[in-house]
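J.: Below you'll find the structure I mean.
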Amino acid sequence: MHHVGYVTASIAASIGEYAGATSLVWDGQITHDPLQMASVAFLRSDDERACSVELVEPAGHRSPVKRFLETGGGLHHICMEVIDLPAHIAASTAAGCTLVRVPLAAVAFGGRKVAWITTPTGQLIELLSCTA
């Protein structure tokens with residue numbers, strides 16, 4: 001697992017709460033991703049193998065996370081880092097998941113592609129390619 005994503009109205013206003021609750025460290029960076037229509041910030045551990053916390057703030061009225069925020073925000077998705085993104089998407093869809101966002105390069109991950117699927121029960125999972 002790469003990270004757990006939380007949707008918040010304001011990264012700047014909530015970063016202290018999440019850092020305090022998790023004892024994770026924020027590097028001071030907020031990244032805007034126009035393709036994802038969101039701004040994100042990561043809280044990380046000193047242990048590179050540990051899961052991170054991503055704070056996601058909608059960027060504009062068309063942002064895919066805006067409606068989620070309007071219903072209260074909070075825990076939004078888990079992100080799995082995968083070696084072969086197309087193969088993982090194929091396996092997930094064969095298992096009954098739905099591809100809801102085709103792979104796109106993500107600014108926050110140095111151009112590595114991310115895709116979004118939902119499970120048969122509606123849980124959102126972000127798939128992050130290990131390579132660009």
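The numbers here are math on the coordinates, done by the rules we state, and not lab data. Fair warning: this is a prediction, and the values are worked out from it, not measured in the lab. Glycine gets a Cβ as well: all are built from the backbone with ideal geometry, and neighbour counts include every protein chain shown.
J.: Which whole-angstrom value gives the distance between the alpha carbon centres of the range 114-132 and the range 7-56?
T.: 19 Å
J.: Could you give the nm distance between label points at Asp84 and Ala132, where each point is 7 Å from its Cα heading toward the beta carbon?
T.: So the label points at Asp84 and Ala132 sit 2.3 nm apart.
J.: First check a/c for the range 60-132, with a ≥ b ≥ c the square roots of the eigenvalues of its C-alpha gyration tensor; if it is under 1.5, answer rounded, and if not, answer prolate when a/b is larger than b/c or oblate otherwise. Don't skip to the answer; put the middle values down first.
T.: Working: a/c = 2.22, a/b = 1.27, b/c = 1.75.
Because a/c hits 1.5 or more and a/b fails to exceed b/c, the range 60-132 counts as oblate.
J.: Also, I was wondering about something else. To test your reading of the geometry: what angle, between 0 and 90 degrees and rounded to tens, separates the Cα axis of helix 85-94 from the longest principal axis of the chain?
T.: Roughly 70 degrees between the two axes.
J.: Could I ask something else about it? Kindly provide the Kirkwood hydrodynamic radius of the chain in Å, to one decimal, from all pairs of distinct alpha carbon atoms.
T.: Numbers: mean 1/r = 0.0661 Å⁻¹.
About 15.1 Å for the chain.
J.: Can I get the semi-axes of the range 1-69's equivalent ellipsoid? Compute them from the C-alpha gyration tensor as square roots of 5 times the eigenvalues, in angstrom, largest first. Spell out each step's value before the answer.
T.: Numbers: eigenvalues 91, 30, 21 Å².
Whole-Å semi-axes of the equivalent ellipsoid: 21, 12, 10.
J.: So if each residue of separation counts as 0.36 nm, and I subtract the Cα-Cα distance between Arg62 and Ser14, what length gain in nm does that give? Walk me through the numbers before you get to the answer.
T.: Working: separation 48, 0.36 × 48 = 17.28 nm, distance 2.19 nm.
Result: 15.1 nm gained on full extension.
J.: Which GluC sites (Glu not before Pro) in the range 25-128 pass both tests, a DSSP loop state and at most 16 other beta-carbon atoms within 10 Å? Can you show the working numbers first?
T.: Values: sites: Glu48, Glu54, Glu70, Glu81, Glu126; in loops: Glu48.
Filter output for the range 25-128: Glu48.
J.: Let's test the formula: R0 of 25 Å, r as the Cβ-Cβ distance of Glu70 and Ala21. What FRET efficiency results, to the nearest 0.05? Mind showing how you got there, number by number?
T.: Details: r = 23 Å, r/R0 = 0.93.
Step by step, r from the Cβ atoms, then E = 0.60.
J.: What residues have an amide H closer than 5 Å to that of Ala59, excluding those fewer than 5 places away on the same chain, when H is modeled at 1.01 Å from N in the peptide plane?
T.: When sequence neighbours closer than 5 places are left aside, the close amide H contacts are Ala38, Ser39.
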